[in-house]
Number of protein chains: 2
Amino acid sequence: MKTISENKSFGGVQGVYSHAAPSTNCDMTFGLYLPPAANDGPVPVLWYLSGLTCTHENAMTKAGAQAWAAEHGIAVVFPDTSPRGDDVPDDDAYDLGKGAGFYVNATQAPWKDHFQMWDYITADLPALLAAEFPLDMDRQAITGHSMGGHGALTIAMAFPERFASVSAFAPIANPTASDWGKKQLTAYLGEPTDSESHWAKHDATLMMREKGFAGPVLIDQGADDQFLDLLKPESLSQAMAQARQDGIFRMQKGYDHSYFFVSTFMEDHIAFHADALWDA
Amino acid sequence: MKTISENKSFGGVQGVYSHAAPSTNCDMTFGLYLPPAANDGPVPVLWYLSGLTCTHENAMTKAGAQAWAAEHGIAVVFPDTSPRGDDVPDDDAYDLGKGAGFYVNATQAPWKDHFQMWDYITADLPALLAAEFPLDMDRQAITGHSMGGHGALTIAMAFPERFASVSAFAPIANPTASDWGKKQLTAYLGEPTDSESHWAKHDATLMMREKGFAGPVLIDQGADDQFLDLLKPESLSQAMAQARQDGIFRMQKGYDHSYFFVSTFMEDHIAFHADALWDA
């Protein structure tokens with residue numbers, strides 16, 4: 001692991017690090033915020049998965065998470081959204097290839113050699129974090145924005161024993177029924193010709209209907225989001241209610257899809273996760 | 001005036017606008033955050049002047065000011081740092097020309113036709129803000145980072161009747177004695193051959209020695225700032241103490257020059273200005 005930068009922030013340290021990741025078969029960069037409490041021993045960790053076109057950096061500089069993470073004594077990890085480097089295939093569209101890993105393990109050419117973001121987020125990076133930093137890996141929670149909200153919800157429901165809580169800001173909520181989803185799932189996983197099962201585990205609405213989540217769920221969605229048709233929040237809201245999911249779905253009047261929306265509600269999300277993490 | 005964008009943020013609106021500015025003789029872009037309280041009537045306004053290489057956007061997205069501005073019912077204006085456009089001269093160096101207006105009125109070629117940032121910040125933009133937005137222009141305060149801290153301090157001391165309070169994050173504190181200053185003041189204002197007076201009004205340390213500021217002053221400086229030799233905080237600290245200036249100078253252990261430093265102490269600065277503005 002290589003240290004790219006470390007900046008003091010709210011009494012803790014906002015670091016950026018890189019490492020060779022076995023799953024994605026390339027060097028990966030991530031941000032990690034360690035709160036002041038990490039000086040006294042291992043702290044819980046909140047995963048923040050970012051959206052389309054983002055790197056590790058966007059949320060780290062724009063989401064305003066550090067203030068609240070410091071207050072609650074929680075680390076926040078900011079992974080990248082795809083494999084990177086000259087050897088990694090890409091697409092001219094902003095929503096496929098680099099910056100658009102969609103948190104799946106690709107099975108299709110040309111993507112399968114590097115686009116293994118599911119394994120990167122659930123295996124490689126947790127192992128590195130546990131080895132290198134003062135983190136209490138028995139206390140983890142996960143959140144994300146847009147494509148990252150999709151990743152957070154689907155990963156949390158697949159690993160209910162790992163995450164005490166899950167939240168999302170404007171998640172891509174029903175990708176198997178959206179142009180933010182069908183295109184990418186087809187490219188990375190192949191057509192759903194035989195069965196939809198290899199798509200279904202990557203759809204938060206379908207997973208919510210199927211099994212739900214063991215802990216509490218918090219969803220914030222801007223009512224003036226310019227991508228409502230692609231996000232399909234109503235599908236997830238309905239599925240949560242039908243599943244009697246322990247959770248809160250909030251439609252926020254006037255807010256759009258930007259980091260101005262995310263940062264506005266970051267305090268609530270970190271407080272929500274802190275409650276679950278300190279109970280865990 | 002043209003609206004570039006408006007995003008809801010912490011219950012208020014983060015806007016970006018452009019307008020033709022007489023002083024700089026070009027179109028200028030600025031950000032303005034209006035807190036929720038602006039729905040009920042005019043609110044006080046805090047100026048945030050940015051540093052070298054910045055546009056109106058950096059602090060707007062990275063400084064975390066909106067949360068506290070909303071809480072205290074204060075607007076925050078984020079001006080650009082120089083004139084812009086194809087007609088505006090530039091320099092290959094990052095610290096001269098575009099992004100480096102230094103908050104002076106240039107008298108030298110090729111800069112003088114556009115680089116009138118002092119007048120832009122103190123005349124053009126206040127007039128536009130007063131005409132277009134629900135702002136109480138009798139309640140103004142000013143802050144800034146690095147070159148913007150220099151601008152905030154020198155402008156506040158030149159207009160003590162206008163600003164209730166002034167603060168700065170890692171200001172360029174003594175530019176007439178620094179390579180961040182001598183180069184730019186020479187280029188924009190000419191050599192100080194006859195008299196230093198046309199330089200002195202653009203040096204916070206000299207102005208503090210000469211006249212000080214009528215209201216309270218708050219300075220934060222990171223002890224691990226990578227530019228300490230260029231910023232010269234000790235000169236300003238000494239001048240403040242010698243002048244018996246009502247003020248606080250804080251050396252913050254471990255912090256550097258980045259927005260991670262600025263955002264960490266933004267809450268304190270906005271609370272400091274709120275106290276002064278609501279007393280004004």
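The values are calculated or read from the model by the stated rules, or taken from the named source; none is laboratory data. Just so you know, these numbers come straight off a predicted model, no measurement behind them. Cβ sites come from the backbone with ideal geometry, for glycine too, and all protein chains shown count toward neighbours. Surface areas here come from the heavy atoms of the whole protein model, side chains and all, with no ligands, DNA or RNA. Shrake-Rupley method; radii C 1.70, N 1.55, O 1.52, S 1.80 Å.
Scan the range B:43-62 for residues that are within 20 Å of A:A65 (Cβ to Cβ) and either surrounded by fewer than 23 Cβ atoms within 10 Å (Cβ to Cβ) or away from every other protein chain (no Cβ under 14 Å) (or both) and jot them down.
B:E57, B:N58, B:T61, B:K62
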Among the residues of the range B:203-226, write down those that are open to solvent by less than 90 Å² (accessible area, probe 1.4 Å) and within 14 Å of chain A (Cβ to nearest Cβ).
B:D220, B:Q221, B:G222, B:A223, B:D225
Run A:L277 past the list (1) touching a residue at least 40 places away in the same chain (Cβ under 8 Å); (2) within 14 Å of chain B (Cβ to nearest Cβ) and report the number of the one that doesn't hold.
(2)
When residues of the range A:193-202 are limited to those that are closer than 15 Å to A:V104 by Cα and modelled with pLDDT under 90, the one surrounded by the most Cβ atoms within 10 Å (Cβ to Cβ):
A:H198
Among the candidates A:A241, A:A271, which residue alone is open to solvent by 30 Å² or more (accessible area, probe 1.4 Å), aliphatic (A, V, I, L, M) and without any contact (Cβ under 8 Å) to a residue 24 or more places away in the chain?
A:A241
What is the one condition in (1) at pLDDT 95 or above; (2) closer than 17 Å to B:H150 by Cα; (3) away from chain A (no Cβ under 14 Å) that B:H269 does not satisfy?
(3)
Just to be sure before I move on: is B:A158 modelled with pLDDT of 95 or more and in contact with a strand residue (DSSP E or B) (Cβ under 9 Å, 6 or more places away or on another chain) in the structure I sent?
no
For the range B:246-264, give me the residue count where each residue is surrounded by fewer than 22 Cβ atoms within 10 Å (Cβ to Cβ) and more than 9 Å from chain A (Cβ to nearest Cβ).
6
Tell me, please, whether a residue that is over 21 Å from B:G64 (Cα atoms), within 13 Å of chain B (Cβ to nearest Cβ) and either hydrophobic (A, V, I, L, M, F, W, C) or open to solvent by 10 Å² or more (accessible area, probe 1.4 Å) (or both) can be found in the range A:31-39.
yes
Cβ-Cβ below 9 Å, separation at least six or inter-chain, first residue in the range B:1-17 and within 11 Å of another protein chain (Cβ to nearest Cβ) and loosely packed, with under 15 Cβ neighbours inside 10 Å, second in a strand (DSSP E or B) and of a type in the set (V, I, T): which pairs?
B:S5/B:V16
Among (1) farther than 23 Å from B:Q140 by Cα; (2) under 17 Å from the mean Cα position of the chain (by Cα), which single condition is B:H269 missing?
(1)
